[in-house]
1. For the stretch 2-226, with the dipole built from +1 on Lys and Arg beta-carbon atoms and -1 on Asp and Glu ones, taken about the Cα centre, which of Leu168, Thr136, Asn220 lies farthest toward the positive end?
2. Would you give the gap between the C-alpha center of the stretch 46-106 and the C-alpha center of the stretch 29-45, rounded to a whole Å?
3. Of the listed peptides 147-159, 216-228, what is their order by residue-averaged count of other C-beta atoms within 10 Å, with the highest listed first?
4. Which of rounded, prolate, oblate describes the stretch 57-176, given a ≥ b ≥ c as roots of the alpha-carbon gyration tensor eigenvalues and a/c under 1.5 marking rounded, otherwise prolate only if a/b is larger than b/c?
5. Counting pairs on different chains as well as pairs 8 or more places apart, how many Lys pairs in the stretch 59-155 have Cα atoms under 25 Å apart?
6. Quick one: Tyr196, Tyr129, fewest Cβ neighbours within 10 Å first, how do they rank?
7. Give me the dipole magnitude in Debye, nearest 20, for the stretch 112-252 about the Cα centre, with unit charges on the beta carbon: positive for Lys and Arg, negative for Asp and Glu.
8. If you place +1 on the Cβ of every Lys and Arg and -1 on the Cβ of every Asp and Glu, how big does the dipole about the Cα centre of the stretch 44-111 come out, in debye to the nearest 20?
Amino acid sequence: MLKLQNVKCGYGNNVILNNVSFEVKAGEVVCILGANGVGKTTLFKTVLGHIPILGGKIFLKEKMLNSMSIVDKAKEIGYVPQAHTPPFPFLVRDVAVMGRTAHLSVFSSPSKKDMYMAEEALESLGIGYLKDKVYTEISGGERQLVLIARALVQTPSVLIMDEPTSNLDFGNQMKAVKQVRKLADSGLGVIMTTHYPDHVYQCADKVTVIKNSKEIIFGNVDETMKSELLSEIYNIKVSVKNIDGKNICIPV
C-alpha cells in the first residue's frame, strides 16, 4: 500500500531523518516509536506532502507519491491529527463530513450520500449518538473518534495517525487502540505514532523504531521490541515482561 525507500526528510539543508525504509500493507498496523523531537512528525509531514521530500522515494500502490495530484493523494491517504478544538462550534456530523472534501468539485456542497457516509462512519465507531452534538463540547476521547470518522469518510486506503491516544485517559486510550486494530482488520493500512510502547503489543503487526537521525529499525514486533533497544531510545531502563501470555513494558 505505502512504501518508503531510503527517504530523507527535513527542512532545507537541515536533515532530520535519513535512510527511512519501511512499508505498510493492507490490513496491517505499523507503529512508530521514538523519543520526543526525533523526527516522527517531520516524517509524517513528508509523507503527506506538507514539506518536500529531500531524498529517496515514497510509493503509494506502486505509484510514485510525488507524481500524484493533491486531490488523488487526499483520496488515498487519510490523516488523523492529535485531538484538537476548532475555532468554530461545528456539529459532530459536520466535522465528520469534512472528510468528503477531496471528493467534491469546486463550490459544491456535501450531498445526502456524503452526509449518510459521515453518519455511517460515526455509527461504525460507536458514536452515532453524538452526531447532533457540538464538537467543542464533547470529551477529548470522543473528539478523537470523530477525527477518525472524518478520515474514514475520505474512503482512504492508508490511514496516518499522529499519536491518536494523546491526552486521553487510560480507558479512552484502550478504546482508541481497539479501533485502530479494527480499522486494519477491515482492510486499511495504518501507520501510527505513539509514546506508549505497550500500544505496539496491543494493535501492531510491525514496528518502526527511530533511534536517531540515521538509525531506523523496522521489523516484526517480537523481533524488534527488545528491552535493550527500548531502554536506549527512551533513556531509561525498560524491561519487557510476559504476563498472562501478553508482553508489557515496565520501567525499572
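1. So the residue furthest toward the plus end is Asn220.
2. Distance between centres, Cα-based: 18 Å.
3. On the way: 147-159: 23.0, 216-228: 15.2.
Highest mean packing first, the order is 147-159, 216-228.
4. Numbers: a/c = 2.09, a/b = 1.31, b/c = 1.60.
Taking the square roots of the gyration eigenvalues as a ≥ b ≥ c, the stretch 57-176 is oblate.
5. Pairs that pass both the separation and distance tests number 13.
6. Details: Tyr196 16, Tyr129 10.
Ordered from fewest to most neighbouring Cβ atoms within 10 Å, Tyr196, Tyr129 come out as Tyr129, Tyr196.
7. Values: 17 positive and 19 negative charges, 9 e Å.
Result for the stretch 112-252 is approximately 40 debye, rounded to the nearest 20.
8. Numbers: 8 positive and 4 negative charges, 24 e Å.
Using Cβ point charges on Lys, Arg, Asp and Glu, the stretch 44-111 gives about 120 debye.
Taken together, the values in this text are just the output of simple stated rules run on the coordinates, not laboratory data. It should be emphasised that the depicted structure is a prediction, and the values quoted were computed from it without experimental measurement. Virtual Cβ from ideal backbone geometry, glycine too; neighbours counted across all protein chains shown.
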